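Reading through the structure tokens given below for one structure.
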Amino acid sequence: MTKDKTDAAPKPKGKLKKLLFIGVGALVLIGAGAGAGIYFGALSAHEAKPEDHYPKLVVRSSGEEEEAPAAEGEDKEAAPKVGTVSVPNDKFKVDPRKYEVTYYPITDAFTTNLADGSGFLQAGISLSTFYDGKVINNIKRQAVPIRSVVLMVLAEQDPALLSTSQGKQRLQRQLTGAINDVLREKEGFGGIDNVYFTSLVIQ
């Protein structure tokens, strides 16, 4: 009888090993499943959103790093700025103290007859943006419709109103809105902060 008892003793050890093996296997499967879930969750969370393709805001530098001036006689364009701050849309309220501004001059002046037919208006303008080089590229790509809309806005002006600073500021707002509308329609994003007059002649 003693012999039978000693033969029966090893059986629980075999069951214990089997249970331990199943438990470890289950933990490995759970860990693998959790890892896959996290991996694929991260992929789906980083699916392309419209704002990923929008121009980004350019953070203002501390002032220590200055752009290298172009060598004399070189008429090269500065390298386009690279933005790092994504925005949900182009109507995002920008703090001008935090972000770098870029000015883009429109090379040719705009000349048009005035609304009352009493004379003509000639204006040179420059555009400003807090966004990166994508906005400048969009302006260049849409130069024809932008030129057209600027001429239409200028042609509607009353010369009496343009003789006042309030009238000029109103025209700045109208041009900014009109150019942003063109960029939104053609490129999906505006990004122009303001329009500045580099020349303004009314005759």
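Laboratory data are not the source of any read-out in this text; all were calculated from the coordinates shown. The structure presented is a predicted model; accordingly, all values stated were derived computationally and were not measured. Cβ sites come from the backbone with ideal geometry, for glycine too, and all protein chains shown count toward neighbours.
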Search the structure for amide H atoms under 5 Å from the amide H of residue 191, placed 1.01 Å from N in the peptide plane, and list their residues when 5 or more places away or on another chain. none
For residue 148 and residue 30 in the same chain, what is the full-extension length gain: residue separation times 0.36 nm, less their Cα-Cα distance, in nm? 36.2 nm
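Which order, highest average first, do 126-133, 96-103 follow once you tally other Cβ atoms within 10 Å for each residue and take the mean per peptide?
Numbers: 126-133: 21.9, 96-103: 13.6.
Ranking, from highest mean packing down: 126-133, 96-103.
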Name the long-range amide H neighbours of residue 200: under 5 Å, sequence gap of 5 or more, or other chain; modelled H, no Pro or chain starts. 124
Given q = 0.22 Å⁻¹, what are the Debye log10 I(q)/I(0) values for the range 127-203, with equal point scatterers placed on the Cα positions and solvent ignored? -0.99
Please give the length that would be gained between residue 15 and residue 107 if that part of the chain were fully extended, namely 0.36 nm times their separation in residues minus their C-alpha to C-alpha distance (nm, one decimal). 24.5 nm
Tell me, Kirkwood radius of the range 88-163 from alpha-carbon pair distances, in Å? 14.5 Å
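Please report Rg over Rh for the range 53-203, where both radii come from the alpha carbon positions and Rh follows the Kirkwood definition.
Details: Rg = 16.7 Å, Rh = 16.7 Å.
Rg divided by Rh gives 1.00.
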